[in-house]
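Okay, structure first, notes after.
The values are calculated or read from the model by the stated rules, or taken from the named source; none is laboratory data. Since we're looking at a predicted model, the values are computed, not measured. Methodologically, a virtual Cβ is constructed for each residue, glycine included, from the backbone with ideal geometry; neighbour enumeration extends over all protein chains shown. Surface areas here come from the heavy atoms of the whole protein model, side chains and all, with no ligands, DNA or RNA. Shrake-Rupley method; radii C 1.70, N 1.55, O 1.52, S 1.80 Å.
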Amino acid sequence: NNNNNNNNNKKKKKRVKYDLGLQQNYPEEYEDTSQILDRLVQNWCAPEPVSKPTEPSKSVPYDKGSSSSSSPQPQQTQSRRTSYDVGMGKNPPKMPLIHTQALELGDDTEKSKVLRRALWHEEHYNGGTSEVGDDYDDTYSYAGSFEGGVDSSIPKPRYLYPDIELSVPSRFYSERVDAVWDLLRYEAQRECQKEPLLVSFLHSTILNHRSLESALAFHLANKLSSPAMISTQIQSLVMEALNKSPEFRRSLRADIMAVRDRDPACTCLPDVFLYFKGFHALQTHRVAHYMWNSNRRVLSHYLQSQMSQNFQIDIHPNATLGSGIMLDHGTGIVIGETARVGHNCSILHHVTLGGSGKKGVDRHPKVGDGVLLGAGCSILGNIHIGDGCQIGAGTLVTADLPAHSVAVGVPAKIIGSFVDVTVQPSIDMNQMAGSQEFDKNLATFESEGI
């Protein structure tokens, strides 16, 4: 019997139901709400009364400013609390302040003009009048124009862009002379005057460095860094390649001058150095090529991968490229493992120097000096493109081309050859066959193909 009673009690406890409704959510095992209220009253404990906090014995004096009332003011007493003057214009705290010299943007001082240019485009709001003209002061210094700033004025260099030979001979680059670096820093300083918003960027990438090699290593490291290899590691690799390869250092300067000379959209050397991804990819390849020749193949492949991912240009580390090369736009350029490109060549976007054959075979094109490869052309196989050739856009070349010839079409056909053998189409960048300027140096003849 006792077991039966225990089982019945367990079943009753499991079958507790609730009435859902206003004030009806009490278990049915209670007869009414009075039982619950009695239980709450029994368990309730009244909190002890809290005494009112005592006011401080010393009152804080207040000055209500200009008041018509003649009531006496409370006498001022010493207090640790900061007192305030409550009234019109009397609310600054009574404590020592740090005095600073305010600089109004509306002033006509040189400091105010520079700050205004950094905050908004004043030429637009002034109806086309700008305080920065085309005539610059050769000794102007952005940092030195402020009191306490460092004088970083850069004098006008001895050699400007038209004076520097594109091959960068020894009189323009040696241990004592670096005409390209001097011109780059000078033009970067001028750009600081034109666009104060880029002052910090131009100083960190160009003006704060002591050499062109240091600036390039810093700039490439920031573009090629990844979680797998931080920027300082890549910077040390670039500096290693530059320090141990004199050919690399001279090619670097010739590449900058090549883009500045051949690209009409380029107006100064900082544009090439900072923004042209074809130039960045070319210098990255030179670092990877040095690592490849130093038997550091895995590292060179890593640089190739980063170059392809960041610049959309794929150049195998074993490919050999001369100096004074311009990769115009650059997107989609592919150069294979055994390819070779001569000096002073111009290669436009989506050019392919592809292979034909299996691994371990010399299977890629050999391009001579002064060659112009038009956009989208494909040169396949171990063939030779002679010096001074010009290949039109979209052309497919699968056989050798003689020097100073012009080829177009799919498959490629020779439509003529240059009369003056000293002409380098890569420097002239004239791609309009049939124009008067182009045809005056071209001897045309009929050809069935190559």
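Can you list the HN-Hα couplings for the stretch 183-195, worked out from phi with the Karplus curve (6.51, -1.76, 1.60; θ = phi - 60°), rounded to whole Hz and with x for Gly and Pro?
5, 4, 5, 5, 5, 5, 5, 5, 5, 4, 5, 6, 9
Figure the gain on full extension for Thr320 and Ser236 (residue separation times 0.36 nm, minus the Cα-Cα span) and round it to one decimal in nm.
Going from the current span to full extension adds 28.0 nm.
If amide H atoms are built 1.01 Å from N in the plane of the peptide, which residues on other chains or at least 5 residues away come under 5 Å of the amide H of Lys413?
Val408
I'd like the carbon and sulfur percentage of the solvent accessible area for the stretch 333-413, probe radius 1.4 Å, heavy atoms only, ligands and nucleic acids excluded.
54
Once phi is turned into θ = phi - 60°, what whole-Hz ³J(HN,Hα) does the Karplus curve with 6.51, -1.76 and 1.60 give for every residue of the stretch 259-269, x standing for Gly and Pro?
5, 4, 7, 9, 8, x, 7, 8, 10, 7, 5
Quick one: which residues, 5 or more positions from Gly322 or on another chain, have an amide H under 5 Å from its amide H? H modelled 1.01 Å from N in the peptide plane, none for Pro or chain starts.
Val341, Gly342
Relative to the present Cα-Cα distance, how much length would full extension add between Asp400 and Ala375 at 0.36 nm per residue of separation?
Contour length minus Cα-Cα distance gives 7.1 nm.
Would you kindly find the accessible area of Trp181, with a 1.4 Å probe and non-protein molecules such as ligands, DNA and RNA excluded, rounding to the nearest 10 Å²?
Number for this one is 20 Å².
Just in the stretch 333-414: which trypsin sites (Lys or Arg not before Pro) are loop by DSSP and have at most 15 other Cβ atoms within 10 Å?
Hits after loop and neighbour filter: Lys358, Lys359.
What whole-number value in Å² describes the accessible area per residue of the stretch 212-260 for a 1.4 Å probe?
Per-residue value: 38 Å².
Taking amide H positions as placed 1.01 Å from N in the peptide plane, with prolines and chain starts having none, which residues 5 or more places from Asp400, or on another chain, fall under 5 Å of its amide H?
For Asp400, the qualifying residues are His384.
Using unit Cβ charges (K, R positive; D, E negative) and no other charged atoms, how large, in debye to the nearest 20, is the dipole of the stretch 319-420 about its Cα centre?
My answer is approximately 360 debye.
So if we plug the beta-carbon distance of Ser308 and Val410 into 1/(1 + (r/R0)^6) with R0 = 25 Å, what FRET efficiency do we get, rounded to 0.05?
In this case the efficiency is close to 0.40.
How do Tyr275, Tyr186, Tyr302 rank by accessible surface area computed with a 1.4 Å probe, from largest to smallest?
The most accessible residue leads, giving Tyr275, Tyr302, Tyr186.
Could you run the Karplus curve 6.51 cos²θ - 1.76 cosθ + 1.60 with θ = phi - 60° over the stretch 357-368 and give me ³J(HN,Hα) per residue in whole Hz, x for Gly and Pro?
x, 9, 5, x, 10, 5, 10, 10, x, 10, 9, x
Please provide three numbers in whole Å: the alpha-carbon extents of the stretch 297-417 along the principal axes, with the largest listed first.
Projected onto its principal axes, the Cα set of the stretch 297-417 covers 44, 31, 25 Å.
Of all trypsin sites (Lys or Arg not before Pro) in the stretch 199-287, which ones are in loop regions per DSSP and have a Cβ with at most 16 other Cβ atoms within 10 Å?
Arg210
Note the full-extension length gain between Thr331 and Asn430 as 0.36 nm times their separation in residues minus their Cα-Cα distance, in nm to one decimal.
Computed gain between Thr331 and Asn430 is 33.6 nm.
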